[in-house]
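Each value in this text was obtained by applying a stated rule to the coordinates, not by laboratory testing. Please read all numbers here as calculations on a predicted model, not as lab measurements. Glycine gets a Cβ as well: all are built from the backbone with ideal geometry, and neighbour counts include every protein chain shown.
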Amino acid sequence: MWHAWAMDGGLKVFGSVARTRVMVATVALRETYPREVARLTAVPLVTVQRIVDELERQGIVVSRLSGNQRRVTVNAEWIAADELRALALRLLDVMPDLRAALEGERRRPRRRGKPRDRSGRDAA
Amino acid sequence: MIGPDATLREIALTVGTALDREGVHAVFCGGSAATFYAPQVYQSEDLDFVLTFGSEDGAATRRALESLGYRFENEMFFHQASHFTVEFPRGPLAIGNDVVTNTETIREGDRVLHVVSATDVVRDRLNKYAAWDDFSALSAAVGVALEVPVDLDAVREFMRREGTGVFEKRFDEALRVFERRVRERLL
């Protein structure tokens with residue numbers, strides 16, 4: 001019997017489990033930063049940074065500094081940017097733990113001063 | 001009754017009834033309305049009510065909430081016995097460019113609550129997902145669509161209307177991902 005969690009545990013579409021998780025999270029979030037990717041994917045920060053460097057060298061992602069934070073986005077001009085995004089979103093469907101991590105994040109704006117809920121998330 | 005064990009649904013009905021008795025017409029909406037329709041899928045701890053036009057009576061609103069034991073602080077209402085907060089975001093009640101005029105009225109015994117429809121909750125959450133890549137909003141939209149009947153044609157039509165120009169690709173993609181998750185019952 002096929003289980004989504006089993007596939008999630010070993011999905012290596014982009015060469016390794018860590019690389020696959022980093023790729024899927026980075027592409028799905030559209031704009032992110034290495035520390036966020038590390039937190040959501042449970043991949044060590046240094047590994048995330050190495051993978052992002054490699055992706056940047058290949059022209060798949062681009063980064064820019066915002067303050068002291070390195071913001072990473074998929075290079076919209078890259079030849080297969082749309083296809084990569086469609087693939088990442090599809091893979092996310094079969095990566096339940098990564099999907100749950102992304103769903104636990106609030107990315108829409110939040111009024112200043114609004115309290116966080118009991119789990120530490122921003123209130124809905 | 002507002003207490004530590006009261007669910008969001010119970011509190012919404014209690015607050016809605018207190019407002020109604022003070023002559024305040026307010027519509028329950030936002031992420032908390034998603035929890036109202038799909039409590040096991042999406043948990044909000046913050047109840048949003050929008051006062052409808054002509055009903056923006058701050059004093060009456062405050063009276064209604066204070067009669068239930070709420071105190072007003074930092075633009076929202078807190079209760080000592082419950083972690084659920086109540087807030088009144090500025091109107092008009094709108095989803096994207098659409099002003100919401102048709103709402104549902106839930107009656108349970110002598111309690112009453114005006115709430116946005118399940119279809120509008122899905123439109124609202126999907127709009128948030130498309131605009132901000134907010135996966136928690138996507139999950140709420142899917143959860144509500146799987147839990148209660150939703151007019152999916154109205155959702156599609158809304159997403160096509162909102163997603164114009166540079167937003168077209170984003171909204172098309174959001175709709176595609178939503179429909180796939182509903183079809184595959186992916187929560």
Across peptide A:86-92, how many C-beta atoms of other chains are within 10 Å of each residue C-beta, on average?
2
Nonlocal amide H pairs with B:Val112, under 5 Å, H built at 1.01 Å:
B:Thr17
To the nearest 20 debye, the protein assembly as shown has a Cα-centred charge dipole, built from +1 on Lys and Arg Cβ and -1 on Asp and Glu Cβ, of 1080 debye
What's the center-to-center distance, using Cα atoms, between the range A:42-56 and the range B:120-134 in Å?
30 Å
³J(HN,Hα) across the range B:28-35 via Karplus (A = 6.51, B = -1.76, C = 1.60, θ = phi - 60°), whole Hz, x for Gly/Pro?
6, 7, x, x, 5, 5, 5, 5
Can you tell me the length gained on complete extension of the stretch A:Ala86 to A:Ser16, counting 0.36 nm per residue apart and subtracting the Cα distance?
23.3 nm
Calc'd 3J(HN,Hα), the range A:68-81, phi into Karplus 6.51 cos²θ - 1.76 cosθ + 1.60 (θ = phi - 60°), Hz, glycine/Pro = x, comes to 10, 9, 8, 8, 10, 9, 5, 6, 4, 8, 5, 4, 10, 4
Tell me the label-point distance for the pair B:Asp98, A:Arg110, using the 7 Å Cα-to-Cβ offset, in nm and rounded to one decimal.
2.8 nm
Please identify every one of the trypsin sites (Lys or Arg not before Pro) in the range B:1-93 that sits in a loop by DSSP and has no more than 10 other beta carbons within 10 Å of its own beta carbon.
B:Arg90
Could you work out how far helix B:168-183 tilts from the main Cα principal axis of chain B, as a 0 to 90 degree angle to the nearest 10?
80 degrees
Amide H within-cut-off set for B:Ser117, under 5 Å, with H built and near neighbours excluded:
B:Glu104
So what does the Cα-only Debye profile of the range B:46-187 read at q = 0.12 Å⁻¹, as log10 I(q)/I(0), no solvent term?
-0.60
Degrees separating the helix B:152-162 axis from the principal Cα axis of chain B, which is the longest one
80 degrees
Run through the range B:149-187 and list the trypsin sites (Lys or Arg not before Pro) located in a DSSP loop whose Cβ has at most 14 other Cβ atoms within 10 Å.
B:Arg185
Within the under-12-Å Cβ sphere about B:Phe49, not counting B:Phe49, Lys/Arg +1 and Asp/Glu -1 give a net charge of -4
Toward the positive end of the charge dipole of chain B, about the Cα centre and with charges on Cβ (Lys, Arg +1; Asp, Glu -1), which of B:Thr103, B:Ser117, B:Ala145 goes farthest?
B:Ala145
Nothing charged except the Cβ atoms of Lys and Arg (+1) and of Asp and Glu (-1): what's the magnitude of the dipole of the range A:4-99 about its Cα centre? Round to the nearest 20 debye.
240 debye
Using only Cα atoms, figure out Rg for the range A:4-99 and give it as a multiple of 2.2 N^0.38 Å.
1.00
What's the angle, to the nearest 10 degrees (0 to 90), between helix B:135-147's Cα axis and the longest principal axis of chain B?
80 degrees
Could you size up the charge dipole of the range B:8-116 around its Cα centre, putting +1 on the beta carbon of Lys and Arg and -1 on that of Asp and Glu, and report it in debye to the nearest 20?
140 debye
Calculated from DSSP helices alone, with each H run of at least 4 adding -39500 (n - 2.57) and the total divided by the residues of the protein assembly as shown, [θ]222 nm to the nearest 500 comes to -14500 deg cm²/dmol
Across B:67-74, the residue-averaged tally of Cβ atoms belonging to other chains within 10 Å stands at 1
Applying the gyration tensor rule to the Cα atoms of the range B:8-116 (axes a ≥ b ≥ c; rounded if a/c under 1.5, else prolate if a/b exceeds b/c, else oblate), the class is rounded
Quick calc, B:Glu75 & B:Thr164: beta-carbon distance into FRET formula, R0 51 Å, rounding 0.05, result 0.95
